[in-house]
Each structure stands twice: as C-alpha cells, then as structure tokens.
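Report on the structure given below.
The values are calculated or read from the model by the stated rules, or taken from the named source; none is laboratory data. Predicted model only: the values in this text are computed from it and were never measured. Positions of Cβ are backbone-derived with ideal geometry, glycine not excepted, and every protein chain shown enters the neighbour counts. Just so you know, the surface numbers come from the protein's heavy atoms only, side chains and all, with ligands and any DNA or RNA stripped out. Shrake-Rupley method; radii C 1.70, N 1.55, O 1.52, S 1.80 Å.
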Amino acid sequence: MPLSFDEALDAILRQADGRTTSTEQIALGHSLGRALSAPIRSRVALPPWDNAGMDGYAVNRADVMGATRAVPRVMPVLGMSAAGADATALPWVQQGTALRIMTGAPMPPGADAVIRIEDTDEGIELVTVFDDRDAQGRANVRPRGEDVAAGSELFSRGTTIGASHLGVLASVGAHTVPVYRAPRVTIVSSGDELVLLDRFDEVEAGQRIVSSSSYALPALLRSAGADVRTLPLVPDTLGALTDALAGALDDGCDLLITTGGVSVGAHDYTRDALAALGGRQTFWRARIRPGGPIGTGMVRDVPWLGLPGNPVSTMVTGSLFACPLIRLLGGHAGHRPLRIPVRFLDGADTPATLTHFLRVVLTAGADGLPEARLAGPQGSNLLRTMALANALLMIPPEVSRADAGSTFTAILLPDVPLMTT
C-alpha cells in the first residue's frame, strides 16, 4: 500500500541509520556547509577582557552617581584606551579620575563604568559628567567571557557550519575543524527520449528532449552538501540499466539515486534492475502529488532512492526526500524540512485523496503571517513554475478544495533564498 508523505519520509530517513559518513579534519576556510563531527570547545574567553561598549570615559561608578547638568562631576583625564591597547599598561583609574576610552578598548583597572561621550563636556585634561544614567544601568561595559566562557562548548556535534560559525571558530583559534565527509551521491538517469545539451540539434528537430534533471538535480543535491557524480544517460533496456547501476556501485557511493523508470510502464526497468543486483525495496509508491512513483531500498549495502522522471516530480521529491537524506548521511543534526504556517491567497482544486504539494511564492503578509500564491500552472512537466517558487504548499489529502484565505503548511525549498525585491 502506498505510504503517506510522513511515512515515506520516515522510511527514507531510516535508510541512513548507522550510515553517517566518515569524519575528517579540514581547514576552517573549507568547512562552510559541513556538519561538525565532534563538539567544539573554546580555549579562550570572548571577549578576552572587559571592554568598552561605546566611546566615552571609563570611571568609577560611585564617582558619577547623581551627576546632572546642575550638579556635574568634574574629573581629571588620565589618558586614553583605544582598541588594541595593552590592558596591562593602562593606568589605574583611582577615585575621582577618568580615562578616555574607545568602543572595544580594554577597560582600565579600577573602572567599572563607561559614561557616553554624549553625556559629558570634553576637555583635554578634565571631563565634566552631567548625566549618571549609564552608571545606573548596564554601564556600557562588555564583561570578559560575555559571549563565550573559556572551556565552554561552542557548537555541538551535528551543527551545520554557516558564515557566522566561521567567524566564531576563527575567534577561538580553530585553524581546523572536525567534520563529516560530504556524502558521495551517484545519479543514474534513464530514458530513450532524453539527450544532453551537446545534442540540442535533435531537440530543435523535434526528435528528443533535454534531460533537464541532469542539470537541475545535481545542483539541488549539492545545495544539501552532497558530492555528486552523474553517470551518462542510460537507454531504456533492462541490461543497460543493470550494468549502469552495477558500475555505479562498484565505483563506490554513499547513496544511489535513480530518476525515471520506477513506475509501472512498459519501459520502467529500475526495480527489475535493482532486483537483478540483489536489491531490497522498502517501498515504491507514496500518496503524494506530484512524485507518487517514488521508491527506496538497499542494494549491495548502499541506500537507494528512486525518484520519478517528470522534471517537477524529480525536483519536488528531491527537495522533500533526497535532500533530508543527504543531510542526515552527512551528519547534520538539522535535516528535516522546515514547515511553517502560511495563508493561501489563491484557490486550488485538489480532488484526489493525496497530499498535494503546490509550487508557491511566499511573501510577508501585513499581519506578519507569510502569504502564498501559486507560482503558475501545476503540471508535473512544467519546470518553470518550480524555478519561480520558493516553497511547497502542503494540502492534506482530506481537503478537496483549498480555499483562498485558508491557512496551510508550507515547506521551504532547500536551494532557494527567501529574499524580496
């Protein structure tokens, strides 16, 4: 019996049980997008010393309490602390004195507050403080270790390294980091009607069509962190497909993905080819649209994921199933698609008792709730609407008509940044 969307996703992710890729130590600058294979602890505190939160004067808090324009505090200025100054060489701020200080500069000994420059009348040797609100509040001092305490855990195993992670890791001296290896994914596509761009003259002659998935799917999987290898297009024969799959397995991969040939047509040989290689199927159909003819299993101890051949179905199931599986294989703690509530502004008929995934464009609503509009016609052969969309709108199987104004769940597409013009 075909599985529901969540049942299918769970079954596919179970293929990764105990199969996280091996680990390696790589240079920090090459680690963007990888998952940490071990927690990272900081050897230093951040910031490494108490420092000023803004330009002003470092003082003893007690010296300026109660200062107003009518009753100011006038203090001699001992010197200056600038960013990069040696904290050990700064003068002691004794009672009744002040030190000029710049944002980020180390606090001098004896001072426990920074008075904003706007709340003073500056002089070269004297400063007049006429407002004590900074002394009563946060005092504009960033304490040592406020961001990171020495010896504390910065990031846990499975953390996906992003741009800001790189900055933090560099700040604590992490020249190299332990990460999971990028999963090796091999794609095998079949179809006598398909050609690559070097044979586009046959497309213009009306004899063939471009294998768009040969270009779109590898890019999608790389966005999930995969190291992708795409084999040449395979003819629609059982022998050719069996040989291609055997070759892919012999060359080694962490995940084998096929596109096309997984349905029940006269030329759909994928399941027979897998069986010839000793493969075991977990399931081969899900109650979703587009992308119902999808399957998963194991062949020669390698997880297999069979995606449908229609261009949109390939990309939808690649986003919903292949990308989460690749991220899980690659050690990422966050791997399931993010689901968010959105308001559907267009109506759509969804009569079949399936979970429908509509290609939509999300924008911000006036009340803060994201709003979804159809990216265009929803046929599984219409790839342009997939390129225009930034999310998939989930319509539950019990809903035969998705009315405008209703709230549904959307899944963000993994390779599309949510930007507005």
| field | Filter result (of a type in the set (Lys, Arg) and more than 30 Å from the chain's Cα centre (by Cα)) within segment 194-240 | value | Arg199, Arg208
| task | Within segment 4-33, count every residue that is under 19 Å from Pro290 (Cβ atoms) and either in contact with a His (Cβ under 7 Å, 6 or more places away or on another chain) or open to solvent by 40 Å² or more (accessible area, probe 1.4 Å) (or both). | result | 2
| message | Looking only at segment 385-408, how many residues end up being outside any loop (DSSP other than H, G, I, E, B) and in contact (Cβ under 8 Å) with a residue 60 or more places away in the chain? | response | 6
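Yes or no, residue by residue, for (1) buried (at least 17 other Cβ atoms within 10 Å of the Cβ); (2) in contact with a Leu (Cβ under 6 Å, 6 or more places away or on another chain):
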{"position": "Asp55", "(1), (2)": "no, no"}
{"position": "Ala62", "(1), (2)": "no, no"}
{"position": "Leu99", "(1), (2)": "yes, yes"}
{"position": "Thr103", "(1), (2)": "no, no"}
{"position": "Ala113", "(1), (2)": "yes, no"}
{"position": "Ile117", "(1), (2)": "no, no"}
{"position": "Phe130", "(1), (2)": "yes, no"}
| remark: Here the residues within segment 131-161 that are at pLDDT below 90 and out of contact with any helix residue (DSSP H, G or I) (no Cβ under 6 Å at 6 or more places or on another chain) are Arg133, Asp134, Gln136, Gly137, Arg138, Ala139
| query | Applying the selection to segment 357-370, what residues are in a strand (DSSP E or B), open to solvent by less than 40 Å² (accessible area, probe 1.4 Å) and farther than 14 Å from Asp403 by Cβ? | reply | Phe357, Arg359, Val360, Leu362, Pro370
| task | Specify which of the listed residues (Ser189, Ser156, Ser152) is under 30 Å from Leu249 (Cβ atoms), open to solvent by less than 60 Å² (accessible area, probe 1.4 Å) and not basic (Lys, Arg). | result | Ser189
| Of all residues in segment 224-238, which are modelled with pLDDT of 95 or more and not in a loop (DSSP other than H, G, I, E, B)? | Asp227, Val228, Arg229, Thr230
| task | Pairs only if they're at least six apart or on different chains, beta carbon under 9 angstrom, first in segment 14-39 and farther than 15 Å from Arg327 by Cβ and touching a residue at least 40 places away in the same chain (Cβ under 8 Å), second open to solvent by 30 Å² or more (accessible area, probe 1.4 Å) and among the acidic types (Asp, Glu); list them, first residue then second. | result | Pro39/Glu153
| Which of the following residues is free of Cβ contacts under 8 Å to residues at least 60 places away in the same chain and either surrounded by 13 or more Cβ atoms within 10 Å (Cβ to Cβ) or not polar (S, T, N, Q) (or both): Leu382, Leu374, Leu354? | Leu374
| task | Filter segment 259-282 down to the residues that are part of a loop (DSSP other than H, G, I, E, B) and over 18 Å from Thr186 (Cβ atoms), then identify the one that is modelled with the highest pLDDT. | result | Asp268
| message | Of everything in segment 34-48, what is surrounded by 14 or more Cβ atoms within 10 Å (Cβ to Cβ), in a loop (DSSP other than H, G, I, E, B) and in contact with a strand residue (DSSP E or B) (Cβ under 7 Å, 6 or more places away or on another chain)? Give them in sequence order. | response | Arg34, Ser37, Ala38, Ser42, Ala45, Pro47
| field | Lone qualifier among Gly279, Gly291, Gly330, Gly295 - being open to solvent by 10 Å² or more (accessible area, probe 1.4 Å) and of a type outside the set (A, V, I, L, M) | value | Gly279
| query | Consider Leu217 against the criteria (1) open to solvent by 60 Å² or more (accessible area, probe 1.4 Å); (2) of a type outside the set (Val, Ile, Thr); (3) touching a helix residue (DSSP H, G or I) at 6+ places or on another chain (Cβ under 7 Å): it satisfies all of them except one. Which criterion is unmet? | reply | (1)
